[in-house]
Structure formats: structure tokens, C-alpha cells
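The structure appears below as C-alpha cells.
The values are calculated or read from the model by the stated rules, or taken from the named source; none is laboratory data. Since we're looking at a predicted model, the values are computed, not measured. Cβ coordinates were reconstructed from backbone atoms using ideal geometry, including for glycine residues, and neighbour counts include every protein chain displayed. All accessible areas refer to the heavy atoms of the entire protein, side chains included, with ligands and DNA or RNA removed. Shrake-Rupley method; radii C 1.70, N 1.55, O 1.52, S 1.80 Å.
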Amino acid sequence: MFFVISGFLITRLISQGMAEGSFSFADFYARRIRRIFPALILVLLACFGFGWVGLFASELEALGRHIAAGAGFVSNFVLWSEVGYFDAAAETKPLLHLWSLALEEQFYLAWPPLLWLAVRVRINLTIANGVVAATSLAICALLVMLDSVGAFYSPLARMWELQLGAALALTPAMALTDMHPHRLRSEAAAMAGLALIAVPLLWAGHDSSMQIVPTLAAAIGTALILATGPETRLHRMLLSHRAMVGIGLVSYPLYLWHWPMLALARIVEGGTITPAIAGAAVSASLVCAVITFTLVERPIRSPRHSTAQRRCIALTLVAVMIGVGMGGWLTGEHHGWPDRLANAAIARNQAFERPGLARTSDGSCARLAMHMPATNEVCVTNSANPEVLLLGDSHAMALYAGIQSGRITQPTLLLGAHGCLPFEHYSSIEPHERLAEKNCPGVARAALATLEKLPSIHTVWLVTRGSLYVTGRGYGIEGNIGMRIVRPDGSAVPSAAQAFLDGYTELVARLLATGKKVVFITDVPELGADPRLCVAARPLSITSRAAPECNLPRATVEARQQSYRVLVDTLARAQPALQVFDSLATFCDATTCRAFNARESYYWDDDHLSVAGSTKLLRAILGEPTIP
């Protein structure tokens with residue numbers, strides 16, 4: 001909707017100016033700067049100020065990079081690059097919403113010169129617009145199948161939505177207002193447009209490969225409402241109402257303020273907020289929007305300014321925006337200024353900073369072991385002659401951190417995929433993921449091929465997250481993730497527990513058949529809370545004033561893992577040659593599972609081990625003395 005409306009308004013402004021001979025690129029961009037920059041600068045500075053006082057270093061580091069991306073209008077590309085298993089939840093990215101503003105600004109840079117060029121060489125503007133729109137729509141359809149995230153963030157895949165609005169501005173004769181003398185068709189078209197806009201509200205939960213359907217519906221619905229003109233009942237009774245017009249006046253600053261308010265509230269409240277806090281955040285957004293419009297936007301955009309003053313204001317705003325962007329970039333480069341008061345307690349415990357986890361292949365497998373990773377497979381090794389194959393998901397990658405850091409010298413090759421059980425005939429998938437973008441069966445096949453290729457490997461460690469795959473749920477701040485085990489074609493399995501057991505039974509049997517020792521390492525206790533909050537109360541929090549206790553009763557951990565551990569016991573009985581190493585013995589005594597020692601945290605998030613935790617568990621697995 002936003003893109004269609006923006007394409008319509010901007011193209012109408014440009015085409016009218018070109019037709020009258022009054023269009024100027026300098027005036028156009030100066031006007032856009034005076035419209036977009038003031039409120040955006042204010043919001044970026046406010047977010048930075050809040051972050052300085054209330055965020056931990058890693059959070060402020062991420063916010064700083066997003067401020068720089070927002071100031072440079074490349075947020076869509078930065079957010080696109082961050083997508084992955086370890087990406088922060090969308091709800092905790094205060095500047096997530098700037099992806100759409102970045103796309104609009106990219107349109108402003110590309111479209112006016114194209115229009116100008118088309119006029120100069122006397123190309124029909126409607127045809128030129130149609131070619132651009134059709135090309136973009138084709139790219140969008142292709143990316144939806146190949147890369148759904150790219151289809152969301154790519155300007156090439158989004159341009160058609162703006163061009164749809166542009167088509168209305170360039171071909172007003174197509175307006176439905178002129179198609180029937182009694183306006184019945186216009187009224188019907190306006191209501192049809194409203195109905196189409198409602199389609200995305202009913203589409204939640206459908207296969208992401210079909211997301212182009214609700215996108216098309218919303219875009220076409222918006223175009224229909226624009227095309228029917230201001231005289232339909234929908235316009236006169238609803239869209240022209242004083243309340244709607246008032247919201248429209250402050251819509252841009254409201255757009256800028258609403259998401260940071262909600263996201264920052266979620267961060268300081270530990271990931272979830274009460275309805276009362278959400279309502280307060282929305283109310284505060286509206287108040288800030290009104291103040292921004294009245295005291296910032298309206299004075300800067302005053303028609304009383306001369307042309308020279310307007311251009312001077314625009315240049316000043318550009319300079320300020322560059323400064324804001326540089327400040328954000330420096331914050332990212334300095335890792336969130338960890339010496340700040342808000343981060344003082346965290347700075348004393350380096351384990352909270354995300355370790356150099358092997359989240360992606362680094363070329364070491366191809367360089368040392370002559371092994372090329374399969375699609376979406378993470379492959380890392382510290383030796384040309386590894387003795388251990390570490391096979392699993394992100395929990396295997398977290399366990400590898402102790403080896404990657406050099407604290408443990410065991411020659412090891414890691415094979416894994418994020419959120420994947422290494423089963424050849426099953427896949428594991430979350431609701432937002434597309435099966436085509438994962439390759440869980442490929443990891444299992446690659447593991448068997450690796451054992452055949454590298455005879456130095458004598459032991460296989462199986463490490464995957466535990467009850468998540470059986471129940472679909474995380475704990476505490478994660479809640480219901482909706483993880484499912486499915487067949488490779490995406491069809492459902494009768495029972496996740498049975499698929500888990502069947503998949504591991506087949507995998508273990510095939511691994512044992514190679515003559516290797518196979519060790520199943522049970523999952524570590526999951527905290528269900530941000531471990532940083534266990535040593536430092538969240539600054540600016542309304543409800544979480546005191547730091548929570550992150551050492552868990554062993555009985556709680558065992559209850560959480562009960563169904564998972566039953567399956568592991570069943571697997572061990574079915575495969576007597578399989579060795580099972582119980583990680584609870586490493587982190588728990590008879591009554592308590594501990595998340596810390598006197599110096600370090602064993603976790604860097606709610607369920608992944610830190611370097612310290614990885615080192616502790618690896619020492620126990622290898623039979624080496626452990627540090628308390």
C-alpha cells in the first residue's frame with residue numbers, strides 16, 4: 001500500500017512538472033530531503049540516546065549499525081544480509097521498519113532520471129513504466145521461489161509496486177471514475193479494493209512461496225481505491241473523515257516513531273511486553289508524532305522560505321544526516337562502547353559477547369580436508385587429518401567454539417546446518433522457513449561421504465538441540481517456536497517424537513556400520529532467559545528491576561527434557577554400540593544446573609554455550625580435568 005501510494009504521488013508530481021517545463025532535479029531532491037530528513041534525524045538520535053543509556057554493548061553495536069544503514073537509506077540491504085538462524089528477533093530491532101523507507105528513497109534516486117530520459121528520447125511514459133513494472137514483477141516472482149527474504153528486501157523485486165502507482169499517475173484516463181456515468185462501477189471498484197487490502201490479514205500462516213498472492217492483492221486493492229477518485233462513498237465517508245485526515249498529516253512521523261517504541265520496550269522488558277506497556281508505547285508514538293510534525297516538520301517545510309533558504313536547509317540536513325550516520329558507524333566499529341555504565345557489569349564477563357561461532361563455512365574444509373560443503377551446510381575444521389566428526393545443528397556449532405578458540409586442541413571437523421536434524425529422510429523446519437532453502441538431508445549424506453573420504457576420523461559426536469524438535473517449543477523468552485519435523489517433500493509426519501527416533505536410529509546405524517565410535521551427547525540445559533540479565537538488571541526496565549536467578553533446579557531441567565530423554569534412552573537400547581554422554585552431569589549437581597562459574601558465563605544466549613561452556617563440556621567429553 002505504502003509503495004503504490006508513494007509511486008503514484010511522486011510520479012504525478014514529476015510528470016506534471018516535466019509537462020509544464022518546471023521540473024528541476026535540484027528542487028525535487030531538496031523537497032524530498034526537507035520532507036524525509038528532519039523527522040528521521042530526530043528518531044535516529046532519540047534511538048541512539050535511549051540505546052546509550054539502556055542497552056548492553058552488543059545491542060548498541062547492532063543499533064549503531066542500523067542507525068548508519070538508516071541514515072544511508074540502505075537498511076533493506078543490511079537487514080537482508082543479517083537474516084539467518086542467529087539473527088536477532090525482528091521484534092527487537094528498533095529500526096527494522098526503515099527497510100521500506102530505504103526502498104522508497106532508492107526509487108527516488110532511480111525513477112526521476114529514468115522518466116527524464118524517457119521524455120528526452122520521446123519514449124511513451126506509460127510503455128516505459130510498464131516495461132519496468134513487468135521486469136520487476138518477474139524478478140519478484142522468481143525470488144519468491146528462490147529466496148523469499150530477497151523477494152522481501154530487494155528493490156528490484158519491489159519496484160513493480162511503486163510502478164503500479166506510477167501507472168495511475170501516468171495514465172489518468174484509466175481511472176474508473178470515467179467508466180460509468182452513474183459511478184456504480186467506481187463504487188464497486190472501491191469496495192473491491194478495500195476487500196483486496198484485507199486479503200493479507202487472512203493470509204497469515206500460508207506457505208511463504210505463495211506470499212506474492214497477498215502482496216498482489218494489497219497492491220491492486222490500493223490502486224483501485226486510488227483510481228476511483230475522491231467522490232466514492234469510501235472516500236467521502238471514511239478516507240476524508242477528519243480523524244483519518246489528521247492521522248494522515250502525522251503518518252510519516254508516526255511511522256518513524258511507532259516501531260522503535262515497541263521494539264525498545266520489548267528489549268528492556270526481556271522480549272515480551274504487557275498490553276499496558278504496548279498501549280503506552282503506541283500512545284507515546286502518537287504524541288511524539290504530533291510534536292514532531294508541529295515543531296520540526298512544519299517549520300522546516302514552511303512555504304515562506306525562499307528558494308535559496310530551502311536549498312540551504314536541505315544541504316544542512318544532508319550534513320547532519322551524514323554526521324548521524326557516521327556516529328552510528330563508529331558505534332558499530334567500537335562494539336557498542338562497552339565501557340558505558342549500562343554495560344559495566346557485562347563488560348566484566350566477556351563470555352556474554354557472542355563467540356566466534358562457526359556459523360558459516362570459512363573455507364577451512366576445502367583448504368585442509370579437500371571437502372566442499374553442501375548447500376546450506378556449515379563445514380569448519382582445524383586439521384587436515386581430523387579425528388572427530390562433530391555432526392549436528394547450531395548446538396554443535398556452539399560446542400565447537402571451545403575448539404575454535406584454541407582452548408581445546410582436539411583435531412575436529414564440524415558439519416552442521418542451522419535448525420537441522422542430520423537425517424536423510426526427514427527435515428526440520430520453522431514456520432517462517434521454506435523447505436527449499438534448507439538442506440537437512442544433504443548434511444546427513446555429506447557426513448557419510450566425509451567418513452569415507454577421511455579415514456583419520458575415528459569418532460562421531462552427535463550434538464543437536466533436544467526437546468525443541470520433539471515439542472516444537474523453546475523455553476522462557478523463546479516460547480512456541482513452531483519447529484516441525486517433516487518429510488523431505490514437506491508432508492507432515494504422524495508423530496514428531498517417532499520421526500525423531502526413527503531418524504536417529506537410521507543415522508546411528510549407518511554411522512556405526514562405518515566402524516566408527518559414535519557418541520550421542522545429550523542437549524545442555526536451556527536457560528530460557530538472557531544470561532546477561534543474570535548479573536545485571538536491565539537499565540530503564542519498568543518491570544525487570546532485579547536481575548533474575550539463572551541457575552535452574554535440576555528437576556526443572558529434567559522435566560523440560562523428559563520426553564526427549566525417553567527417546568534417547570530408547571535409541572540407546574536399540575543401538576547398544578552407541579555411547580551416550582549426558583551433559584547434565586557436567587553442568588548440574590544433584591539439585592542445581594549452573595549457568596556460571598566464579599568468572600564466566602557458560603552461555604552467550606538462552607540456549608547456546610559460550611566459549612567457557614563449550615570448553616567445560618569438551619573437557620568432560622574428552623575425559624580431561626574440568627575447571628569448576
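Residue order by solvent-accessible surface for 83, 508 is 83, 508, largest first, with ligands and nucleic acids left out and a 1.4 Å probe. Of all DSSP beta bridges confined to the range 509-628, the antiparallel ones make up roughly 60%. Each part reduced to its alpha carbon centroid, the range 362-418 and the range 217-268 end up 50 Å apart.
Taking packing as the residue-averaged number of other Cβ atoms within 10 angstrom, the listed peptides 211-218, 262-269 run from highest to lowest as 262-269, 211-218. In the context of the full set of protein chains, the chain has a per residue accessible area of 45 Å² (1.4 Å probe). From most to least packed by mean Cβ count within 10 Å, the peptides 146-155, 303-312, 4-13 give 4-13, 146-155, 303-312. Taking every C-alpha pair closer than 8 Å and separated by at least 6 residues, the mean separation divided by the residue count of the range 17-162 gives a relative contact order of 19 percent. Globularity index of the range 481-570 is 1.56 (Cα radius of gyration / 2.2 N^0.38 Å, N = number of residues).
Residue-wise HN-Hα couplings along the range 16-24, as the Karplus relation 6.51 cos²θ - 1.76 cosθ + 1.60 with θ = phi - 60° gives them from phi, are 5, x, 5, 5, 8, x, 10, 6, 9 Hz; Gly and Pro carry x. Over all other residues within a Cβ to Cβ distance under 13 Å of residue 253, the charged ones net out to +2, with Lys and Arg as +1 and Asp and Glu as -1. Counting charges near residue 380 (Lys, Arg +1; Asp, Glu -1) among other residues having Cβ under 11 Å from its Cβ returns a value of 0. Summing +1 for each Lys or Arg and -1 for each Asp or Glu among the other residues whose beta-carbon sits under 14 angstrom from that of residue 502 gives 0. Using the alpha-carbon atoms, what tilt in degrees (0 to 90, nearest 10) does helix 98-120 show relative to the longest principal axis of the chain? Helix 98-120 sits roughly 50 degrees off the main axis of the chain.
In the chain, the calculated helix contribution to ellipticity at 222 nm averages -17000 deg cm²/dmol per residue, counting -39,500 (n - 2.57) for every DSSP H run with n ≥ 4.
Beta bridges from DSSP with both residues in the chain: antiparallel share about 45 percent, rounded to the nearest 5. As I understand it, the value is the acute angle between the Cα axis of helix 611-622 and the longest principal axis of the Cα atoms of the chain; what does it come to in degrees, rounded to 10? Tilt relative to the chain: about 30 degrees.
Helix 155-170 and the longest principal axis of the Cα set of the chain meet at an angle near 20°. Taking the chain, the Cys residues with no second Cys beta-carbon under 4.7 angstrom are 47, 140, 288, 312.
Within the same chain, aspartates and glutamates fewer than 8 places from residue 453 are excluded, and of the rest, those with a Cα less than 13 Å from its Cα are 387.
The separation of the range 544-623 from the range 27-63, counted between C-alpha centres, amounts to 41 Å.
Taking all protein chains as present, what is the carbon and sulfur share of the accessible area of the range 363-498, in % to the nearest whole number, probe 1.4 Å? After summing per-atom areas, the C and S share lands at 52 percent. With only Cα atoms counted, the chain has Rg and Dmax values of 28.1, 89 Å.
Under 5 Å between amide hydrogens, built in the peptide plane, is the criterion, and for residue 427 it picks out 486, 487 among residues at least 5 positions away or on other chains.
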